[in-house]
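The values are calculated or read from the model by the stated rules, or taken from the named source; none is laboratory data. If you're wondering where the values come from, they're calculated on a predicted model, not measured in any experiment. Please note: Cβ atoms are built from the backbone with ideal geometry, for glycine as well, and neighbour counts cover all protein chains shown.
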Amino acid sequence: MSVVDDPQQAMALHDLHGRQSLGSYLRAIWGHAGFVTTLASAYVREQAAGRALGIGWLLVSPLLLTGTYFFIFGVVFQVDKGVDHFIGYLVVGVLAFTWIIRSATSGAKALSGNRPLMHSLSFPRMALPLATAISEAVTFGVSLAIAALVAVLSGTLGVRVLAVVGVLAVSLLFTAGLGAVLSLAGSRLLDVQDALPYLMRIWFYFSGVLYPRSIIEARAPAWLSTILFDVNPGATITGLFRWCFGFAPAGDDVVAMFLTTLGWAVALLAGAVVMFTHREVNLGA
């Protein structure tokens, strides 16, 4: 009997649009690791292209934002009471949350903005938001030089800065999962991409980036403080980076923040893999 005479083997040969198992899809992503890193490098170079400052603009922009926020919240509204080294608190918070915003917005466009590539090459589509997340993590890593400099000038830089590697890793898992989920939503509805900047700005203001937890605790019920600072991954990620550079307010539970961030990261990544497995055959069609 020839191969094509066997119905089961024929089905294996011709069922090109069948759904992959989770295991096979994960192996496919791992097998394209080189493709992901190459694509991420291209994205980083693209961000620097056409700019006189190159990637340095990613350092200047957060500083301008921090200066503006410091004047409004530190000078005008004086929310800095009870926070030592409020400038460092702001710098690290703005840097970390800007990374989250950039990862989310660029991740949402990862599929819809790469349709020609998806039509030309065969690869697991989740590679696109993963490459985007890695590229944003690289640029954020460069911007952490500002946080280190502020910590040195403030006298808060210590051995705990070594933990920034682990915090960056778990935060990358979170941004990768978030970007992957949003990429699927953005590929189906462009309205998601339009609404996302506004939603991210709301999230930014409700994540304690510009003010300490004590401000909320003094003016709102305890449950609201728990939601905004203990459950909210935007607050836990910024809190972890502040701790690494010595700008975390006294009393922050670093272990709880790390576990919360890790929980969100695992949940988002697992959900993204399941969704991509189900929708893979329809992406780029």
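At least 1 residues being buried (at least 23 other Cβ atoms within 10 Å of the Cβ) and more than 17 Å from the chain's Cα centre (by Cα) is the threshold, and among the helices (runs of 4 or more DSSP H) wholly inside region 162-252 those reaching it are 164-188, 233-244. Checking Arg51 against (1) under 24 Å from the mean Cα position of the chain (by Cα); (2) farther than 24 Å from Leu111 by Cβ; (3) of a type in the set (D, E, K, R); (4) at pLDDT 70 or above, only one condition comes out false. Which one? Failed condition: (4). If a residue must be part of a helix (DSSP H, G or I), more than 30 Å from Val209 (Cβ to Cβ) and in contact with a Phe, Trp or Tyr (Cβ under 7 Å, 6 or more places away or on another chain), how many such residues does region 84-131 contain? Selection size over region 84-131: 1. Within region 172-218, being of a type in the set (Val, Ile, Thr) and within 30 Å of Phe86 (Cβ to Cβ) holds for Thr175, Ile202, Val209, Ile215, Ile216. Every condition in (1) within 23 Å of Thr98 (Cβ to Cβ); (2) at pLDDT below 70 is met by Gly18 except one, and the failing one is (1). Across region 21-37, the qualifying residues are those that are surrounded by fewer than 12 Cβ atoms within 10 Å (Cβ to Cβ) and either over 13 Å from Phe123 (Cα atoms) or in contact with a Lys or Arg (Cβ under 8 Å, 6 or more places away or on another chain) (or both), and the one among them that is modelled with the lowest pLDDT is Ser21.
Of all the listed residues (Ala248, Ala180, Ala256), the sole one being farther than 30 Å from Arg115 by Cβ, of a type in the set (A, V, I, L, M, F, W, C) and modelled with pLDDT of 95 or more is Ala256.
One residue stands out among those in region 140-156 that are over 18 Å from the mean Cα position of the chain (by Cα) and of a type outside the set (A, V, I, L, M): the one that is modelled with the lowest pLDDT, which is Ser154.
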